[in-house]
Amino acid sequence: MAAPPVPELLRAHLAELAKNDERLDGRGRFEGRAVEIETGVLARAEGSARVVMGDTIVLAGVKFQIMTPYPDRPTSGGFMTSAEVRPVSGVHWEAGPPSPEAIELGRVVDRGIRESGCLDMEDLCILPGEKAWQVILDVFALSDDGNLFDAFATAAMAALRTAVIPGERFDVGEDRPLPVSKKPMMCSYHRVGGRYVYDAVRREEIGGAERIHITLGDDDHVHSLQKGLKGAFTADEFAEIMDHARQRCAELRNMIE
Amino acid sequence: MAAPPVPELLRAHLAELAKNDERLDGRGRFEGRAVEIETGVLARAEGSARVVMGDTIVLAGVKFQIMTPYPDRPTSGGFMTSAEVRPVSGVHWEAGPPSPEAIELGRVVDRGIRESGCLDMEDLCILPGEKAWQVILDVFALSDDGNLFDAFATAAMAALRTAVIPGERFDVGEDRPLPVSKKPMMCSYHRVGGRYVYDAVRREEIGGAERIHITLGDDDHVHSLQKGLKGAFTADEFAEIMDHARQRCAELRNMIE
Amino acid sequence: MAAPPVPELLRAHLAELAKNDERLDGRGRFEGRAVEIETGVLARAEGSARVVMGDTIVLAGVKFQIMTPYPDRPTSGGFMTSAEVRPVSGVHWEAGPPSPEAIELGRVVDRGIRESGCLDMEDLCILPGEKAWQVILDVFALSDDGNLFDAFATAAMAALRTAVIPGERFDVGEDRPLPVSKKPMMCSYHRVGGRYVYDAVRREEIGGAERIHITLGDDDHVHSLQKGLKGAFTADEFAEIMDHARQRCAELRNMIE
Amino acid sequence: MGGYGDVQMIDENGIRVDGRTAGDIRPVEIRAGVIPVADGSAEVIWGTNHVIAAVYGPMEAHPRKIQKQDRAVLDVRYNMAPFSTTDRIRPGFNRRSREISKVTAEALETVVLTELYPRSKIRVEIEVITAEAGTRCAGITAASVALADAGIPMTDMVISVASGKINGIVVCDLNKEEDNYGEADLPMGICANSGALVFLQMDGDLSPEEFQQAWDYNMEAIAPVHVLMIEALEKANGGES
Amino acid sequence: MGGYGDVQMIDENGIRVDGRTAGDIRPVEIRAGVIPVADGSAEVIWGTNHVIAAVYGPMEAHPRKIQKQDRAVLDVRYNMAPFSTTDRIRPGFNRRSREISKVTAEALETVVLTELYPRSKIRVEIEVITAEAGTRCAGITAASVALADAGIPMTDMVISVASGKINGIVVCDLNKEEDNYGEADLPMGICANSGALVFLQMDGDLSPEEFQQAWDYNMEAIAPVHVLMIEALEKANGGES
Amino acid sequence: MGGYGDVQMIDENGIRVDGRTAGDIRPVEIRAGVIPVADGSAEVIWGTNHVIAAVYGPMEAHPRKIQKQDRAVLDVRYNMAPFSTTDRIRPGFNRRSREISKVTAEALETVVLTELYPRSKIRVEIEVITAEAGTRCAGITAASVALADAGIPMTDMVISVASGKINGIVVCDLNKEEDNYGEADLPMGICANSGALVFLQMDGDLSPEEFQQAWDYNMEAIAPVHVLMIEALEKANGGES
């Protein structure tokens, strides 16, 4: 069933569906789209993944550079996330410097990984005070049909967990797998038709209101939260989606190596 | 008495007032607004001041960094002025890269200080050819009701003359006051209603024509001049405001430490 | 005879002229404007030239800097071309970052020189792995009445071939001429009135279609080609202009030292 | 973060380095009407944080392409002054500022009755003069007061505060020293009357129980700040808020 | 370039490092309709090159100053993804990308019937996912297929390929390893039916005879690629191209 | 500046390094009509300074937001070419250029009858080809001639010159070598007929008496330059200025 093109009509249509607890594509409120994860897809990256969630397709690639450690942390390496949502991925994404939306996307994905402590920065040290590995995670949207946040976060973890530190190419020892000790996973919820749904498609995003992104690690520890867009929510609403996130993050965690 | 909002009417109104040698706020032609100077107002700066002139409020903060001296002046430190007039300070100031007005403002304040020779660059040397102090002066507008030039210049001198070089924090010797040997002060004049007035408020600036900024040091030495905006002036007009500037700069000089 | 100001009329007018194999200014299809080349025209450059082709006037200046060689080529110097077409040179050139046209112009001129191998990068080495000369070629338009490509390329070669490496000023040995072993020259063709003409004036560019730039070196070796703008051409058309370019490049080559 | 474990930031009696107990916030001062040329303004001193907010508008939104036909646009800028931190900050927007400006605007849009001013713009300028920890919270709080001071109709006031974790203990409103050793940070923006959330971020590591404790501390902290906001507005407007 | 002369890239039988003869191109795969949200799209795998093109439009061109009264504007962007090369590429446009975007747009404008869509814009996005050598050629080829997949009327299809020179021998379609030691590169964009050229660049050193050989190799290389393009479009559109 | 005191730039007879006395300016050449495609242009060679100015317009001002309803806008750009100085200058605007462009525009706006051309724009492009000292003065002077050459009505011609101080002695029109050791610089823009000032800057250290001397030198220097301007315009326009 086609969704109306005008935002006001779309919003009304979504509200109508919500009355019967239905969604545009027939899914349940907390039902996610099928997730395909393929790793090793980028010939020039040291770790990579493609994630397909419905018509949303993203890539993640991990590259390494050698950096000089910061003076106050001489035995630490570095980690950087760059999220690119270029105009290839949808008519609504424009060329130019990163939009506020793309900046937020990159920063939220980055925090979920960084704050979980899954990367041991000390392990990236090559020579204290002199040389360390910098891990660069590039996430890249190819097709945006909604919920880029979760697609990016999933692709990022899948790419990191299969990445190999290219010691030989840089002439600093042997190649070895990047150690990633945990699996922080993200679940995102949009207010659509008045209530929160999981894994919104693009038309639900357009006709919806605020969104909440939850990153949970092992043992349900909370590593990152972010509320985006105009809108207010109650403590009860939050408790409900947090409950679902705990269960769904565990499922996603099992999908990656 | 409220000034008319339309520039043409404002200009006519100012011309009418000028006939009786009056001003919008009742001041005399060469009468300045009350000046309040408070130093030590910024907890994170090594020297700071807040200057209030009527409804114009500005801050100045002095920070220090360690720099490598330029090869051709191995025993010299550095001095840099950055003037920021962000949109917080008035509806007429917009976000984005510095406007030509803000660039001019920063450069004129900088030249008055730099060219007076009040900062001994050689004294900022830590280790010849290796390390020297760079003095960074940030002047920042909070509320612009006219004559930011003089407010910035006054705050700058007050901040510099109370600044302490943070030797201990950078582990290069003890803290000591920044030596500032002179007190260059700025006086600015706007053509309003056909003749020059001192310390114009914003509405006089809007309804006025060209402006002249004069920085005088000890013994009435001239350190910096700048004419801004469209307009011409005669030698006699200049002599008159220079006379006033000599007297007023001396008064201002007594207001700071 | 004045050319019509409206592009559509201009295009029709040029087509009309083409029927009789005529051009706006009476030249033959493959006849170039008179070329004046003067070298040593810039007091602060180490090599310079002014080229005048009709009402097109350009400058080229060569400067030198000392660089650290790239790690993978420790005995190589560097070469950089910067083409500037500032608004001084015509009402159609606007201020701001380089336009796509100016970027293409600089890159095509650069490739013609670089790819001919006329500069021996190894000869620019001062101390292997430590110091080498970087040659910086600045080409600068003063007046654009068409065919900036050829004017730039000609001025560039004339400036390079008279440049002197300023060893004394940088305290790394004596001054000596920059060795330039070949003379790659560029000829440009525009489709005007349906067929290609050589050395188009600005109004022919406006009323024309695609253009082809050919850089030939000694012994008619091809060093650079570029097709620009919308349009298609046949192998026969290309063979015809390539024939002319061989002859004309030889003539131009004799005009420079 | 384990490497910092031997620095003791809370003593055996649960007293923090600055004398507070776990649930206490730092001393807060609020003043309205501090920028004479603005339509509304406020100053929040929260611990050592010193934040100023100014509001201009509603005014015509231009360029036209930023106009919304059915409501006003909130144009929010959060900025740290170059002298606000120990190491000088280079002027100019950065990714952190952009993100904070965005989430702040989204929080305030929820309570401002923007639909009263179609096609217009309300500028909200947040300047951090001195930064400790929690500048984004102080900025949202200051902006709420400045909007009210400008007479912009709102459905509620937003108060923002962050709880966190240090030495494995959940505490309210980390100061700079605590933040340096902190293990988690949960800033929330809460509506004073409805208790609804309009702003939420979090990073670090919190178990489900710790998370609940941090949440509860934030919820409890806002009431006294709300009192200060109202007092500041009353003082600035001669007795009426 | 003489310094590389002792690296032997072609053996005495004229066989290249990857087993090809002088006139062979690398293995090519083409797929259409790979970006679900685009109006048209294509993927070209050419050797190790992996390039994706997406087409959006025709749509209204804005801002207005970019509109053409008599035709559509082709807004082409060529970009290399940060993970497409051994050394990571910093995101953001650079001069090389700008030039390639420009000449690609000019090549495609020649075959697209832009006059059917006055005042509109057709967006063509070319993303290099993995780069070997010849990415601009693969990009033009992919864009042609994506335009056709989007149903944009064209007078012809453009196929692009580059011949070059290595060890003094002219060969077709240099791979990365050959390109590192290559002495010349001649990329051309050729119309499949008319044989006319819409794209031409070249750099390096070619004698008149070598130039002719490289030209001829390119002209001969396009026919098999054209077949793959048609097959890809047929497969994507259920049997009709 | 005291550190340079032992370099003697003026001998006991008051003769400067290039043979001038204190009040002399450098040799000056002026030509009009040097840029064929411009509406007006001029070249000023002032000592070793080589400056070119081109004028385009009046033309429609766009984008519209820069239009003035009651007059033309002067769009002035001062730029130093990359090869104009001993150390190459990176292309692109910088703060110094922006400030000089601004004060130059303001000086010229005072004499151009901009009210004759409402809503239009007059572009003034100043390019420093070779720089010695005093390029901003040479630029203003060249722009005056270029405006006249373009037939733009003006109330007066502006001539700009700078006096300065060296070795404690006030002299007119510092050259590069003197400028390196100079202690003050006072550039002024003076109307040829009225004697009014439209441009004034100064930096350094001048006592009240020294200041008066520098002022007087500038006032005296303009007459001979004015003669050269008129001659250049007459020559370019076949006998009439």
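A short reminder: the numbers here are calculations on the coordinates, not readings from a lab. Since the structure is predicted, the reported quantities are computational estimates derived from the model, not experimental observations. Because the Cβ atoms are built from the backbone with ideal geometry, glycine has one as well, and the counts that use them run over all protein chains shown.
Remarks
- Comparing Cα centroids, the stretch B:91-160 and the stretch A:196-230 end up 46 angstrom apart.
- The helix-only estimate of mean residue ellipticity at 222 nm for chain E, built from DSSP H runs of length n ≥ 4 each weighted as -39500 (n - 2.57), is -9500 deg cm²/dmol after division by the residue total.
- For the rotational copy relationship between B and A, the axis lies nearest to a chain B beta carbon, identified with its distance in whole angstrom as B:Pro97, 8.
- Chain B: angle of helix B:100-116 to the longest principal axis, Cα-based, in degrees nearest 10: 60 degrees
- Applying the criteria of a DSSP loop state and at most 10 other Cβ atoms within 10 Å to the trypsin sites (Lys or Arg not before Pro) of the stretch B:216-247 yields no site.
- Fluctuation leader among D:Arg123, D:Arg64, D:Arg98 - chain D, Gaussian network, Cα springs under 10 angstrom: D:Arg64
- The alpha carbon centroids of the stretch F:33-69 and the stretch A:1-68 are separated by 55 Å.
- Highest mobility in the GNM of chain F, judged by mean-square fluctuation with C-alpha springs under 10 Å and restricted to F:Glu109, F:Glu209, F:Glu178, is found for F:Glu209.
- Candidate aspartates and glutamates - alpha carbon under 18 Å from B:Lys131, same-chain residues fewer than 8 apart omitted: B:Asp72, B:Asp120, B:Glu122, B:Asp123, B:Glu168, B:Asp171, B:Glu174, B:Asp175, D:Asp87
- Chain E holds its axis-closest Cβ, relative to the rotation onto F, at the residue and whole-Å distance E:Pro63, 6.
- Remark: mean inter-chain Cβ contacts per residue of D:93-99 equal 4, using a 10 Å Cβ-Cβ cutoff to other protein chain atoms.
- Between the Cα long axis of helix E:135-149 and the first principal axis of chain E there is an angle of about 30°, rounded to the nearest 10.
- Computed over chain B: relative contact order in percent, which uses C-alpha pairs under 8 Å that are six or more apart: 21 percent
- Calculated on the alpha-carbon coordinates, the convex hull of the stretch C:70-203 measures out at 137 cubic angstrom per residue.
- The Kirkwood hydrodynamic radius of chain E, based on inverse pair distances between different Cα atoms, is 18.4 Å.
- The value of relative contact order for chain F, using C-alpha pairs under 8 Å at least six residues apart, is 22 percent.
- Anisotropy class of the stretch E:77-208 from Cα gyration tensor, a/c 1.5 cut: oblate
- Beta bridges per DSSP with both ends in the protein assembly as shown, % antiparallel, nearest 5: 85 percent
- Label distances, nm, A:Val164 versus same residue in remaining copies, Cβ-directed 7 Å point: 5.8, 5.8
- Take each residue in C:138-145, count the other chain C-beta atoms within 10 Å of its C-beta, and the mean is 5.
- Three-way shape label, chain C, alpha-carbon gyration tensor, a/c 1.5: prolate
- Sequence-separation-based contact order of the stretch B:22-154, relative, with Cα cut under 8 Å and 6+ spacing, percent: 33 percent
- Prolate/oblate/rounded call for the protein assembly as shown, Cα gyration tensor, a/c under 1.5 rounded: oblate
- Placing unit charges on the Cβ atoms only, positive for Lys and Arg and negative for Asp and Glu, gives chain A a dipole magnitude near 300 debye about its Cα centre.
- Counting only Cβ charges, +1 for Lys and Arg and -1 for Asp and Glu, the dipole size of the stretch A:1-95 around its Cα centre is about 200 debye.
- Peptide E:34-41 shows a mean partner chain C-beta count of 6 within 10 Å per residue C-beta.
- Against chain D, whose longest principal axis comes from its Cα atoms, helix D:95-111 is set at around 70 degrees.
- Taking A:Gly28, A:Gly77, A:Gly112 in turn, the Gaussian network model of chain A (Cα-Cα springs below 10 Å) assigns the largest fluctuation to A:Gly28.
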